[in-house]
1. Which of the residues spanning the range 367-381 are over 19 Å from residue 336 (Cβ atoms) and either buried (at least 17 other Cβ atoms within 10 Å of the Cβ) or modelled with pLDDT under 90 (or both)?
2. On the basis of being buried (at least 17 other Cβ atoms within 10 Å of the Cβ) and either in contact with a strand residue (DSSP E or B) (Cβ under 9 Å, 6 or more places away or on another chain) or not assigned by TED's automatic domain parsing to the domain that holds residue 243 (or both), does residue 284 make the cut?
3. Looking at the range 194-234, which of its residues are within 13 Å of residue 177 (Cα to Cα) and over 16 Å from the mean Cα position of the chain (by Cα)?
4. Name the single residue that is modelled with the lowest pLDDT among those in the range 338-349 being in a strand (DSSP E or B) and either more than 27 Å from the chain's Cα centre (by Cα) or under 20 Å from residue 411 (Cβ atoms) (or both).
5. Any chance the range 249-256 includes a residue that's more than 25 Å from residue 231 (Cβ to Cβ), out of contact with any helix residue (DSSP H, G or I) (no Cβ under 6 Å at 6 or more places or on another chain) and in the same structural domain as residue 195 (by TED's automatic domain parsing)?
6. Would you say residue 394 is assigned by TED's automatic domain parsing to the domain that holds residue 368, within 22 Å of residue 308 (Cα to Cα) and modelled with pLDDT of 95 or more?
7. Quickly run through the range 47-58 and pick out the residues that are in contact (Cβ under 8 Å) with a residue 12 or more places away in the chain and surrounded by fewer than 15 Cβ atoms within 10 Å (Cβ to Cβ).
8. Across the range 59-92, which residue is nearest to the chain's Cα centre (by Cα) among those that are assigned to a loop (DSSP other than H, G, I, E, B) and without any contact (Cβ under 8 Å) to a residue 24 or more places away in the chain?
């Protein structure tokens with residue numbers, strides 16, 4: 001009996017030793033193979049190309065030294081930008097200005113060591129890519145619901161991103177065009193926030209607002225945060241909702257809360273500066289635009305009776321907004337320009353003793369040289385034209401000025417070559433249209449029927 005137990009134990013020991021030997025051999029082989037193959041690299045780009053705003057993502061098969069990897073990295077044609085690290089294995093290149101259309105770019109990681117231990121890329125890694133074609137997202141009515149659709153510029157390829165089970169109030173598109181955040185009515189009578197990708201997948205509820213109304217989402221330029229307007233359900237007699245306040249949700253952690261601790265600070269229509277450092281909202285309690293520096297927490301106010309529209313210069317140094325002078329009970333519309341660092345404002349158009357025009361939409365061109373301004377010369381009419389003026393001499397052509405139409409809500413494409421906008425034939429207001437203006441040739445045409453058009457670059 002003892003001999004049998006001893007023999008069995010010896011057999012188990014031998015098996016264990018053999019297994020350990022095999023595992024050790026495999027480990028040695030893996031190390032040797034890894035040393036021969038070196039650090040492997042993958043890029044994350046889709047077949048349709050990349051967003052003109054990036055990011056270009058590079059994944060390494062193991063942790064690398066950031067400074068060594070950045071030294072080995074290059075882009076051709078040479079392109080300005082910055083490098084961000086998601087983790088020790090994942091690098092992102094973010095261009096400082098939109099990548100050009102119809103240009104083939106090549107990213108390269110030169111062969112050599114990428115770790116202090118000498119782990120290396122054995123041969124040069126190269127990957128070529130192009131910028132994808134932009135899409136346009138907009139809203140249409142279907143079966144008494146408002147849904148979100150996207151289309152290419154030819155209008156030949158249209159896709160629904162949402163169905164008619166929910167009805168959308170408004171939305172915002174990420175600057176790089178990868179996703180959309182929209183507000184939709186829920187079964188409790190409130191309004192929730194949702195997110196969906198440009199392909200229509202990954203549909204998810206970001207904020208379940210239940211009885212509250214969460215709307216007017218504004219995605220930060222880096223795509224990490226969403227500021228929005230929240231009206232709390234209180235149901236006190238005739239008063240159903242409290243005053244709107246500005247809230248913010250982090251799209252990575254989904255941490256959510258009010259932007260301002262003071263409950264007396266109200267907020268409407270949040271927007272971001274181009275660098276994402278300043279959050280703007282309209283506080284109707286103080287009749288002023290409130291500018292919050294999200295890094296320092298400092299605030300400033302720009303007094304205005306209007307609140308919207310507004311527009312930033314591409315470099316974020318100047319800010320345009322509409323306002324009115326009031327004297328003797330007479331309203332004098334005007335367009336004002338704020339210099340952010342100097343904290344100074346000047347009137348660009350209109351103001352006292354210059355009554356004659358109503359001012360509406362504002363959209364600064366990507367090159368910073370032009371602004372689209374909505375103009376109306378008849379106070380008794382809702383018609384508005386779109387005028388393109390040069391900021392150096394405050395002159396320029398009308399780009400949309402057909403009789404019987406009103407135009408608003410212009411948005412430039414990333415390269416400043418096209419503008420999409422809302423257009424409504426006054427005699428057919430229930431059939432809204434989206435127009436498009438091409439800079440080259442100064443041509444304007446009907447794009448499609450719908451509302452609230454936004455670029456998905």
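The values are calculated or read from the model by the stated rules, or taken from the named source; none is laboratory data. In this text the structure is predicted, and so the values were computed from the model without any measurement. Glycine gets a Cβ as well: all are built from the backbone with ideal geometry, and neighbour counts include every protein chain shown.
1. Result: 377, 378, 379, 380, 381.
2. Values: buried (at least 17 other Cβ atoms within 10 Å of the Cβ): no; either in contact with a strand residue (DSSP E or B) (Cβ under 9 Å, 6 or more places away or on another chain) or not assigned by TED's automatic domain parsing to the domain that holds residue 243 (or both): yes.
So residue 284 does not fit the description; no.
3. Result: 200, single match.
4. Restricting to residues being in a strand (DSSP E or B) and either more than 27 Å from the chain's Cα centre (by Cα) or under 20 Å from residue 411 (Cβ atoms) (or both), the top hit is 344.
5. Within the range 249-256, one or more residues are more than 25 Å from residue 231 (Cβ to Cβ), out of contact with any helix residue (DSSP H, G or I) (no Cβ under 6 Å at 6 or more places or on another chain) and in the same structural domain as residue 195 (by TED's automatic domain parsing).
6. So residue 394 does not fit the description; no.
7. 48
8. Applying the filter and picking the extreme gives 80.
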